[in-house]
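Values quoted throughout were computed directly from the atomic coordinates according to the rules given, and no laboratory measurement underlies them. All of these numbers come straight from a predicted model, not from anything done at the bench. Methodologically, a virtual Cβ is constructed for each residue, glycine included, from the backbone with ideal geometry; neighbour enumeration extends over all protein chains shown.
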Amino acid sequence: MELWLLQDEDAHVQMRFRVLQVLHRERSAYQEIAVMDLGSMGRTLVLDDAIQVTERDAFVYHEMLVHVPLCAHPRPRRVLVVGGGDLGAVAEIVRHDEVERIDLVEIDARVVDLSRTYLPWAEAAARDPRLTIHYGDGFVFLQAEGPRYDVIVVDAPDPVGPGVVLFEAPFYEAVRRRLDEGGVMVTQSGSVWFQAELVTKVRRGLVEQFGRAWVYWAGVPSYSIGPWTFTGVSLGPDLSRPDPARAARLATRYYSPEVHRAAFELPPFLRERLEG
Ligand code: SAM
C-alpha cells in the first residue's frame, strides 16, 4: 500500500509527498518525531506531521536563514540559534571562521539525537568545538541572565505547541535585551501565500520592538507552494547589505551576495500587504 505524507497549505490546498520508508518514529516529551525517506526529497525530519527539513532543499532555507544575518553583521563572534535541533543552521554557521562561540537552545533533545543519526550534515556540526547545546525553552533561555550575542537565529517551527512563544512580543523583547551593540536577529516567518497573517504579525511585532524590520524571501518547496519568508531586525547594520568579501568567500549553493541583496526586493502586492 502506498503511504503519503499530507501537508495542508490551507483549507483548500494540500501538498503530498510519497513516503518510501519510515526510518524512525517516536513520541518524545514534546512532540511526535519521524524520520522518513521521501524518495526524491531525500531523508526528511517530520515533527507532529509537519515537514521540518528535507535533504533536498534544506540548503536553501539554512543558507538564507544564516548567511544573511552573518554576512550583514561586520564581525559576528557570538551566535545563538533558538530551535534548530536538526543542526542545519549550525552546519552553515560553522563555515564562518570569525565566529568564536555558538549556543543552540533546543527544547527537545530527541530531535538533536535523531538528526545526528539520520541527517548527513548534523554529526559534523554537533562536533564543532565552538558549539554548546542547551536543552530547554528558547524564551526561558533568553529571559535569563547570560551573554549578549552578535547574531540570533530563530529557527522556529510553525507557531504551534512549544513554538508559539517564539512568535510573541515578550520573546522579541527578550531577544532585544540579549542582542549586543550592533546585533542582528533573523527568524523564519512563514509562507507568503498560505501564512499571510503570520508574515504580517511577525513583521508588526518586530517593528513595535525594534522600530524597523526587514522581510526577505526564498523558495523552499517542501515548506510551501511559493516563497517562504524570513524577517530580521538590526541594532546597527543594514540587513540587506552583505559584506561582499565575506559573502563571496562562502562555498554555498543558494546564497551569494547578489542573492542576498535581491531577496529583499519585494513585489508591490507583498510590500503593500506588509506595510498597509
Ligand atoms: N526550519 C524548520 C521549519 O520551519 O519548520 C524548523 C526546524 S527546527 C527542527 C525547529 C525546532 O524548534 C524543533 O526541533 C523544536 O523541537 C524546536 N522548538 C520548538 N519550540 C521551541 C522552544 N520554545 N524553544 C526551543 N526550541 C523549540
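For this structure, a couple of remarks:
- The eigenvalues of the Cα gyration tensor, multiplied by 5 and square-rooted, give region 29-187 an equivalent ellipsoid with semi-axes of 24, 18, 13 Å from largest to smallest.
- Taking the chain as a Gaussian network of alpha-carbon nodes connected by springs under 10 Å, the highest mean-square fluctuation of the residues M36, M15, M64 belongs to M15.
- The DSSP beta bridges internal to region 1-125 are antiparallel in roughly 80% of cases.
- In this rough spin-label picture, where each label sits 7 Å from Cα along the Cβ direction, the R101-A248 distance is 3.3 nm.
- √(5λ) per eigenvalue of the Cα gyration tensor, region 196-253, largest first, Å: 23, 20, 6
- Radius, Kirkwood style, for region 66-138 when every pair of distinct Cα atoms is counted (Å): 12.2
- Our summary gives region 1-130 a relative contact order of 17 percent, counting only alpha carbon pairs under 8 angstrom and 6 or more residues apart.
- Remark: relative contact order (region 119-221) = 24 percent; criterion is Cα-Cα distance under 8 angstrom and separation of 6 or more residues.
- Structure-based [θ]222 nm, the chain - -39500 (n - 2.57) summed over DSSP H runs of at least 4, per residue, nearest 500: -9000 deg cm²/dmol
- Rounded to whole Hz, the Karplus (6.51, -1.76, 1.60) HN-Hα couplings of region 17-32, x for glycine and proline: 10, 6, 9, 7, 7, 8, 7, 7, 8, 7, 9, 8, 5, 10, 6, 7
- J(HN,Hα) series, region 231-241, from Karplus relation 6.51 cos²θ - 1.76 cosθ + 1.60, nearest Hz, glycine and proline x: 10, x, 9, 8, 9, x, x, 6, 5, 7, 10
- Net length gained if the chain between S40 and R273 were fully extended (0.36 nm per residue, minus Cα distance): 80.4 nm
- Per-selection Kirkwood Rh - region 110-238 (Cα, Å, 1 d.p.): 15.9
- Dipole magnitude for the chain: computed about the Cα centre from +1 point charges on Lys and Arg Cβ and -1 point charges on Asp and Glu Cβ, it is near 600 debye.
- Summarising the amide proton neighbourhood of L38: residues at separation of 5 or more, or on other chains, whose placed amide H is nearer than 5 Å comprise L20, R43, T44.
- Its residue count N fixes a reference of 2.2 N^0.38 Å for region 89-179, and the Cα radius of gyration divided by that reference is 1.10.
- Taking V164, V215, V111 as the candidate residues, the one with maximal mean-square fluctuation in a Gaussian network model of the chain, Cα springs under 10 Å, is V164.
- Once you divide the Cα radius of gyration of the chain by 2.2 N^0.38 Å, the number left is 0.94.
- Counting Lys and Arg as +1 and Asp and Glu as -1 over every other residue whose Cβ lies under 12 Å from the Cβ of G85, the net charge comes to -3.
- Proximity of backbone amide H atoms, modeled 1.01 Å from N, is registered between G190 and T229 at under 5 Å, excluding neighbours fewer than 5 places apart on the same chain.
- Coupling constants for region 189-194 follow from the phi torsions by the Karplus curve (6.51 cos²θ - 1.76 cosθ + 1.60, θ = phi - 60°), and in residue order they are 9, x, 7, 4, 7, 10 Hz; glycine and proline get x.
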